[in-house]
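Novice: Pasting a structure below so you can have a look.
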Amino acid sequence: MLTHQSFVKKAEEVLRNMSSGEKAYLCYTDFAEFKLVNRYYGVPQGDALLKAALDYLELLPRVAVWERVFSDRFLFVVVTEEKQSDGELVEQYTRHTEMFLSRYRPHYPACNLRTHCGIYPVAVPNVLEAVDYAVLAWREAKKKLVPGAVLFDHAMLETAAMFQAGEQEVNLALQEGRFLFYLQPKVDLYSGEIVGAEALARRCAPDGSIVYPDAFLSIMEGNGTVVDLDWIILRRVCAHLADRLKWGLPVVRTSVNLSRLHLRVPGTAQRLHDMAQEHGVPPELLEFELTETIMLNEFAEAKRFCQQLRGYGYTMSIDDYGAGYAGVNILQELDFDVLKLDRRFLSSEEPLYTRNRAILPDILNSLRKLGIDAICEGVETQEQCRYLAEVGCRYVQGYYFSRPVPPQVFYDLYRETGGCFSSPIGKPESSAGSEWAWSSPDPLVSEKRI
């Protein structure tokens, strides 16, 4: 395997020695969800797949130089005839990749072997700069879950510049402590009782305006600072609950989102518990949410994490169920208390609508038998409330009752309503919602983790 320095040297030599009738492409590629190969079949079998990929690259006549960068990521230079179009190169990559993957899929049946690839038609003599451009295209393929290859486009440079600017804003907000949380109620459809709340991150801009997670969450997930955000929100939630407890004011169990990155840090469950204990917040007042998509990549770690936190007495919930593909193994193997159904279960579009009506009652029945509560997110209409009550989903969260609001507003309204909405079950169709109903939300603002 070539060192990176050696690859750059050899690639530069290839580019210098090309004839006038040739052109080059620099490709950056990896296997999608390669961790699953190691998990299901062991590291030796994963290494065997990577070795096979290198051997295959070596056999391709137009691949002039190649390198395994690290883990399952590869760099290689393809030299073609000048007359060949970029689209034809992508087609060739797709064909050769599929030939390789189809040969090895039978050896890894539990994994859906795919690749993501960024391709840069080399237009600069600087190989390191060309690698950066190929990586930008690769990130686009990963972000859009595009199997196969994505060609570099100069618009990606603008996107990268915007990301960098957003990253600077995020880092400054972290340094200045300008992150806070809002609360959105969780409601018992049958009684209207507010049974809990979810803490959702907000950023305060220098001018005092509130910035929604759409503008910063993906950036923080990409650079890892989402871990810092989670700790900030948990600390603020604990301080708020502790203050209300000190003065004998009512509180509801509050859930806090946790990034998958926490699972990779030993001792995180103990640290979470220590923070709650430091503030004097009893475990029954805190709930921790992990997204379903975590289960595809860190299932064993998530299982251990849930067991540790439940052992301390905290409630554990799985968020966004139905948005990913983790499926039934969550119910088979994971110890948790609450399953949060994704808003896709409320879709009015076919074929989702018909399929959901067939699937959802069985899911809810299974959860009842397992002693797991279900709550459906994204509820916006009375019709959706009635439908969920009809199929047996008792708990809901969404704009029908309230958009997320500052903690003080949440508890002011909690006091005014006696901690209970008017139940939407059996209400007149003309009713627009309860006392907590707000004006229609901005359709451009996602409700995920906000």
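Novice: Between Tyr182, Tyr190, which is within 30 Å of Asp412 (Cα to Cα) and crowded, with 16+ Cβ neighbours inside 10 Å?
Specialist: Tyr182
Novice: Glu350 is checked against (1) in contact (Cβ under 8 Å) with a residue 12 or more places away in the chain; (2) over 24 Å from the mean Cα position of the chain (by Cα); (3) not in a helix (DSSP H, G or I) and fails just one. What number does that condition carry?
Specialist: (1)
Novice: Do the conditions hold for Ala155, that is, is it out of contact with any Ser or Thr (no Cβ under 8 Å at 6 or more places or on another chain) and either modelled with pLDDT of 90 or more or closer than 30 Å to Met18 by Cβ (or both)?
Specialist: Considered against the rule, which asks whether it is out of contact with any Ser or Thr (no Cβ under 8 Å at 6 or more places or on another chain) and either modelled with pLDDT of 90 or more or closer than 30 Å to Met18 by Cβ (or both), Ala155 comes out as yes.
Novice: Restricting to the range 375-430, and then to whatever is part of a loop (DSSP other than H, G, I, E, B), of a type in the set (S, T, N, Q) and within 32 Å of the chain's Cα centre (by Cα), can you tell me which residue is nearest to Tyr182 (Cα to Cα)?
Specialist: Once the filter is applied, the top-ranked residue is Ser402.
Novice: Would you mind stating whether Leu367 is surrounded by 13 or more Cβ atoms within 10 Å (Cβ to Cβ), at negative phi and in contact (Cβ under 8 Å) with a residue 24 or more places away in the chain?
Specialist: yes
Novice: Mind checking which strands (runs of 3 or more DSSP E) fall wholly inside the range 115-211 and carry at least 2 residues that are touching a residue at least 60 places away in the same chain (Cβ under 8 Å), more than 27 Å from Glu33 (Cα to Cα) and aliphatic (A, V, I, L, M)?
Specialist: Per the criteria, 179-188, 194-204.
Novice: Can you confirm whether the range 160-173 contains a residue that is surrounded by fewer than 21 Cβ atoms within 10 Å (Cβ to Cβ), under 18 Å from Arg236 (Cα atoms) and of a type outside the set (A, V, I, L, M)?
Specialist: Looking for residues that are surrounded by fewer than 21 Cβ atoms within 10 Å (Cβ to Cβ), under 18 Å from Arg236 (Cα atoms) and of a type outside the set (A, V, I, L, M), one finds none in the range 160-173, hence no.
Novice: In the range 95-113, how many residues are within 27 Å of the chain's Cα centre (by Cα), surrounded by fewer than 17 Cβ atoms within 10 Å (Cβ to Cβ) and touching a residue at least 40 places away in the same chain (Cβ under 8 Å)?
Specialist: Of the residues in the range 95-113, 2 are within 27 Å of the chain's Cα centre (by Cα), surrounded by fewer than 17 Cβ atoms within 10 Å (Cβ to Cβ) and touching a residue at least 40 places away in the same chain (Cβ under 8 Å).
Novice: Further, regarding this structure: Name the pairs: first residue in the range 270-298 and on the phi > 0 side of the Ramachandran plot, second residue surrounded by 14 or more Cβ atoms within 10 Å (Cβ to Cβ) and at pLDDT 95 or above, Cβ to Cβ under 9 Å, at least 6 apart or on different chains?
Specialist: Correct list of pairs: Gly280/Cys238; Gly280/Leu241; Gly280/Ala242; Gly280/Leu245.
Novice: Inside the range 11-62, can you point out the residues that are in a helix (DSSP H, G or I), acidic (Asp, Glu) and in contact (Cβ under 8 Å) with a residue 12 or more places away in the chain?
Specialist: Matches in the range 11-62: Glu12 only.
Novice: Which one of the conditions (1) on the phi < 0 side of the Ramachandran plot; (2) surrounded by fewer than 20 Cβ atoms within 10 Å (Cβ to Cβ); (3) among the small types (Gly, Ala, Ser) does Ala197 fail to meet, given that it meets all the rest?
Specialist: Exception for Ala197: condition (2).
Novice: Identify, by number, the condition in (1) surrounded by 14 or more Cβ atoms within 10 Å (Cβ to Cβ); (2) farther than 15 Å from Phe31 by Cα; (3) of a type in the set (Gly, Ala, Ser) that Gly42 doesn't meet.
Specialist: Here Gly42 clears every test but (1).
Novice: With the checklist (1) without any contact (Cβ under 8 Å) to a residue 60 or more places away in the chain; (2) within 21 Å of Ser19 (Cα to Cα) in hand, flag the one item Val65 doesn't pass.
Specialist: In the conditions (1) without any contact (Cβ under 8 Å) to a residue 60 or more places away in the chain; (2) within 21 Å of Ser19 (Cα to Cα), Val65 misses (1) alone.
Novice: Every residue in the range 1-37 that is among the small types (Gly, Ala, Ser), more than 34 Å from the chain's Cα centre (by Cα) and surrounded by 15 or more Cβ atoms within 10 Å (Cβ to Cβ), please.
Specialist: Within the range 1-37, Ala11, Ala24 qualify.
The values are calculated or read from the model by the stated rules, or taken from the named source; none is laboratory data. Quantities reported herein were computed from a predicted structural model and do not represent experimental measurements. Don't worry about glycine lacking a Cβ; one is built from the backbone with ideal geometry, like all the others, and counts go over all protein chains shown.
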